[in-house]
Structures are given as structure tokens and as C-alpha cells.
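Values quoted throughout were computed directly from the atomic coordinates according to the rules given, and no laboratory measurement underlies them. Everything numeric in this text was worked out from a predicted model, so none of it was measured. Note that we place each Cβ from the backbone using ideal geometry, even for glycine, and neighbour counts take in every protein chain shown.
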Amino acid sequence: MLWSQTFIPTLKETPSDAEIVSHQLLLRAGLIRKLTGGLYTFLPMGLRTLRKIEQIIREEMNRAGGIEVLMPALQPPEIWQQSGRYETASGVLFKVRDSAKKEWVLGPTHEEVITTLAASEINSYRQLPKNFYQIQTKFRDEIRPRFGLMRAKEFLMKDAYSFDTSDEGAMASYKRMYDAYTRIFTRCGLQAFPVEADTGVIGGNYSHEFMVPAETGENDVAYCEACHYAANIEKAISGLPKTAARDLGPEPEQFPTPGAITIESLAKAPFGIPANRQIKTLVYIADGQPVLILIRGYDQLNESKFMARTGAIEARPADVKNPTDLVHFTTLGALPGSLGAVRSVPLTWKVFADERLRGANEMTTGANSDGFHLRNVSIERDIRVSDWFDLRTVRAGEPCAKCAKPLKIRRAIEVGHVFKLGTKYSEKLNATFVAEDGSPHPAVMGCYGIGVSRTLQAIIEQSNDKDGIIWPLSVAPYHVCITPLNYSPEGQPMTLGLQLLAELTAAGIEVILDDRDERPGVKFKDSELVGFPLRVNLGEKSLAKGEVELKPRTGPVKCVPIAEAAAEVIAWFHTEKAHYV
RNA sequence: CGGGACGUAGCUCAGCCCGGUAGAGCACUUGGUUUGGGACCAAGACGUCGCAGGUUCAAAUCCUGUCGUCCCGACCA
């Protein structure tokens, strides 16, 4: 390919609407252009890399027994109503109307479609197991698209759905996908690691996310370097001990705490009550109902855990500025800062407490009277707790639940997610098969996603320097950029360049030749910005010495005799390629 | 949806506070000189100052509304 014959609109300056480095480089290197917020056009260099990532995914999915299909992006809302997700996923569902005013949805995912297919086509255990996948555009009505391709309204995703006859079979399918994902990301030159994950709206009971460590990621991951425990913060646990039980003391006693409305202020003089001897009382609105959540003063509530354990679809803190919420505080008798669960809690309210409070006594908590707290509170004696859950968010430095070594926390980008779904969808959408004994059973499902366009950006986020992108060979838009320095169609740099282009292309290497009439500095900067793994410099100075220069994107220049240039590049290519397969 | 910032040339931005003929750098066009790390000289083209109202003799500038973008939060298979 000749540079002048394709389209690589590089930018010298950083576009002002790009915040993170990968987004800036996507734009500066001419890989994408924004149509509007959350919607992007892939330009030739971006598209080539996207297709390479797709191809790696296809090869590994096929190797793992996947069957490629292509499902409609436009879907009838009825199947979403049938699965129950028309409500639960309404936050991300794009809805459109046709000319007859009938409503349709643009698929954010395809469990409903594939399960509908399975319901009609899979009838016998003899047809199972099956694993269908597709690579397709998804639509999500993101509240806030951001960071370029990271969180877009429309994006490319690989999604796969497995159907098995048994839980064991589903587990084996899950494991195959888990292993395939590990290979896929490795082949993409991406350091991604699996972490235990919350299942969110998708549902199911077992799940891992594949995470790329990056400060700009939108997820926090807790991990242990000693035993390799790793989990999304939404799910992570630690071995932090419970609050120590003391001798059961006297009845709760009210005492004045004027102006002390934070855990910290009660921890200080004159009160001196350690944060972990305080009970923090939160009022939440869970699916419209007020509930109380009790955690230790030291702890932060983990809303994901709360929602996962209670099954709530929507939960938010009650807000004193919201008139309908304010009623709940009035019912309790106090505003945040003096809330507690000992008195005035209506019997209709559920009270959820963190597991680590179980058995705690001699605790201090709000008296439900502004400016007063209660001491000597025994949570089990004095508070009507409806249910005990692990509800707190793990912090860095807490002991690992498995090996007691300190946990670390880091930011990460989610590029893949595997779920064991069970029979949630197959039951609702009637995807049943007849077993050997003639009895009907719902298929046991799993689903497995990879954000293809997000993976592309994650690779850039992880692999760049001050000069631009550093593409892993496996996904680079071109492997080699030939750069004739002194431009002249008849000069030796160009004629030798064209000759090398033909030779290397014939050897299966993807080569672009920068035939632009530009100064060397411009060509150097552009080739480094776009990030080709190897540049071949053809300059009159070195050619006069009978040499060409091979410049790996991240390594030193190597001068080789003209006659050996092609062979050297081919050798380099095969050495590099071996790292990615 | 809450908080904040910003919309001026293709890009990065100045001008706005304090109203008075729309600017710079880069990019682009033409000519010339250059040619191993984003060249130089000369000439040129490029704008409904996001949009709509309002105030005013006069609005990029002040006011109101609206649309859009970005950031933080909420949200997020």
C-alpha cells in the first residue's frame, strides 16, 4: 500500500475533546473520527486493526467450538418483556418507532434473540451442547458516553452464548470460553487478567471480567499478589475481622452530641468513639421502598453487593432535598448524622446489616433525635435486623480472605466478561430440550462478551509512548512502514522502496510505503504516531554506504546491506510474530 | 438527571471582565528556496463568533432561552 493511496489524517495537535491518551492517539493517528458524542467512524488504519482483533477472536472462538452467526441489531420489544429485561435494562435500551408507530429496540446484547432461536430450533439433548457467537454492532443508550470508543452509544462486540444440558456441561463451556479469552487477549498483545465479577443486570451466578490495568479504567479491582485472588471491587471480599463482641452491657443510653453529625466528629474528643465501634445508618430507597442499611462507621457501603443480595433493580440513597424522601427522615425523627435503627423504625421497613456487625455490642449509633446518639447498643438485642449480608467495600491493605496477605486495589478497563447464566433466560423464553429420559429441561446457558472496539482502545491505552502508538505486531494496521527519505519518483530511495514493498508483500508481510513528498521529519513523526512496528529508512546517506536502516518502533536502528534488507525484515517479522501465537 | 467548564477559521486557541470594522499559530492554495526528526520566504483563500430571542445607536462581548461538547458524580450486560 502506498501512503498517498490510503487515508491517514494525522493531527499534530491534540484535539480538545479527548481527555485520555488512547482517545487522543486514536484521533491524532487518524484511526477514527467522531461523528457526534459516542459515535465514531473508523478510518482505514483503525479499521484494519479492528478487523485484526476480530480475526483473532474468530480464530479462537472457532478453536473453542464456537459457531458464528449474525443476529439482528433491531429487535422486537416483546422478547425483552418476556425475559423481564424490558424493565431492568431500560436504562440502556435504545427504543425506536417505525412508521406505524410500533416500538422496536436496538440490541444492547442478544440473550433474548439467541434464546428465542434456541427455543425454536433446539429440541433434543442430541443437539447440545452448542455455543453460538457473533461479532456485531451493539447499541446502548449510555447516560454519558466518554473516552472515545471506551464507552460509546454504538460499539462493536463479540458475544457468545452457550447451551448445555447440565450444570457440569455449562461449567465446561464456561471454562472453554475463559481459556479462549485468555488466549485472545494474549494474542492481541494485551495484558488482561480475569477477576471475579458481579453479574449485574445480566443475571446469573458466576462471572469473571477480563481487566486491563489502566489508571483511566472505570473499574476498581482488588487483588492479592500472593495468592492471585482478584475481584471487581463490586464483589471483592477481604478477611477483615468482625467487630469484637464485648460483655453484654446495660440498656442503650442517650447522650447529647450537638453538632456531631459525622463518624469522624464522634471519633474525636470529647467523644472518642472509634469508627469501628459506631454503627453508620443509611436510608436507601430500594425499588421505591425505604430501607435501612447498617455498616460500621469505618466502612463504605458497596451498592453492588446490596443490589446483588437483595435483588433490588434500583437503589439510591434517600435525599433530604427530595420532598418525598424527606418524609422518611421525618418518620425516623432525625436527619442524616443522627440516624439509628434502635428506635422509631417502622415495622414495614427492612433493616439490612453488614455481616461484620453481627454480635457487636457496646456500639454507638444515632438516636433518631437530632443532636443525640445512643451508647451501649447491642445490635442483636436492640435492633431488628431483617438480614445480614456482606455489604462493605474492601479497602487497600486489608488482609486477603484467602491468604491474609494485604490486598491491593487498582483501576482497570473491562474488555471481556464471561457469565454462567443458568436457566434464567431459557426458562423465560422456553428454550427447553428433551432429555434422554424424555423429560423436558431448560437449557443451561452461559454468555460471553468481548468489547472489540474497546479492546482496540485498551491496547493503545496500554501500549504507547510520547511519540504515539506502539502496536503489537498481531494487530498493527501494517507491519512495516517503508520510508524513502529524499523523495523523487526516479531516485534510488523510491525505486528501492517499491522493490522492497513488492518483495515483502510477496512474503506475506503487510507493508505501507510513505511515498508522500514530505520532509523526513514529518514522515518519521507520522510513522511513530501511527505506531508501525518496524520502519525501513531509505536515505541517500546510508544508501551511499550500501545500507538501509531498520528501525523497530521501540528499539535502536540497525543498518543492513541493501541486498540483505528484504531477508532481514522477513527474519525480523517471523521472530516477532512468534511472540504472539 | 445533579455539579462544573466550554462552543470564535479545518485544528489548537486569544479577544469577552470594560460593547465600537473578527485575530494568532498550525493546516490549506500558488510561486520560490529547502530536504536525516513535525522547514523558510512571499502572496492568497478560509468565519452567519453554536442557534434563537432580548437590551443597545451599536453585541463575539451584556441578558434569557436553547442545542452541542468535555469533565466530576449518579448510572453503566
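Please name whichever of A:THR505, A:VAL221, A:GLY38 sits farthest to the positive end of the charge dipole of chain A, dipole taken about the Cα centre and charges placed at Cβ: Lys and Arg +1, Asp and Glu -1. The listed residue farthest towards the positive side: A:VAL221. The value given for chain A is a Kirkwood hydrodynamic radius of 27.6 Å, derived from the mean inverse Cα-Cα separation.
So for the stretch A:478-580, averaging the separation of alpha carbon pairs under 8 Å that are six or more residues apart and normalising by length, what relative contact order in percent results?
With pairs under 8 Å counted, the relative contact order is 28 percent.
Measuring r between the beta carbons of A:GLU168 and A:TYR580 and using R0 = 35 Å, the FRET efficiency lands at 0.55. Ranked by the mean number of other Cβ atoms within 10 Å of their residues, highest first, the peptides A:448-454, A:568-574, A:377-383 fall in the order A:448-454, A:377-383, A:568-574. Measuring between alpha carbons in the structure, the pairs from A:LYS158/A:LYS525; A:LYS158/A:LYS428; A:LYS95/A:LYS428; A:LYS52/A:LYS405; A:LYS12/A:LYS52; A:LYS158/A:LYS402 lying more than 29 angstrom apart are A:LYS158/A:LYS525; A:LYS52/A:LYS405; A:LYS158/A:LYS402.
A crude spin-label estimate for the pair A:SER439 and A:GLU59, with each label 7 Å from Cα along the Cβ direction, gives 4.5 nm.
Label the stretch A:8-95 by shape, choosing from rounded, prolate and oblate, from the square roots a ≥ b ≥ c of the eigenvalues of the Cα gyration tensor; if a/c is under 1.5 it is rounded, and otherwise prolate applies when a/b is larger than b/c, oblate when it is not. The shape class here is oblate. For the pair the stretch A:515-537 and the stretch A:430-449, the centres of their Cα atoms are 56 angstrom apart. Among the lysines of the stretch A:253-389, pairs that are 8 or more positions apart or on different chains and have alpha carbons within less than 23 Å of each other number 6. Computed 3J(HN,Hα) for the stretch A:35-46, one whole-Hz value per residue from the Karplus formula 6.51 cos²θ - 1.76 cosθ + 1.60 where θ = phi - 60°, is 8, 7, x, x, 10, 10, 9, 8, 8, x, 5, x, glycine and proline marked x.
Using the Cβ-Cβ distance between A:CYS559 and A:ASP517 with R0 set to 35 Å, the FRET efficiency works out to roughly 0.85. Among A:487-497, A:271-281, the peptide with the highest mean count of other Cβ atoms within 10 Å heads the list, and the full ranking is A:271-281, A:487-497. Over chain A, dividing the summed -39,500 (n - 2.57) contributions of all DSSP H runs of at least 4 residues by the number of residues returns a 222 nm mean residue ellipticity of -8000 deg cm²/dmol.
On full extension of the chain, what length is gained from A:VAL327 through A:LYS268, given 0.36 nm per residue of separation minus the C-alpha to C-alpha distance?
Roughly 18.1 nm would be gained on extension.
FRET efficiency for the A:ASP319 to A:GLU253 pair, using the beta carbon distance and R₀ = 30 Å, is estimated at 0.45. Segment A:ASN205..A:LEU70, full-extension length gain: 45.9 nm, with 0.36 nm per residue of separation and the alpha-carbon distance subtracted. Taking the average, over residues, of other Cβ atoms within 10 Å as the packing measure, peptides A:184-197, A:166-179 rank A:184-197, A:166-179 from highest down. Summarising the label geometry, the points placed 7 Å from Cα in the beta-carbon direction at A:ARG126 and A:LEU11 lie 6.0 nm from one another.
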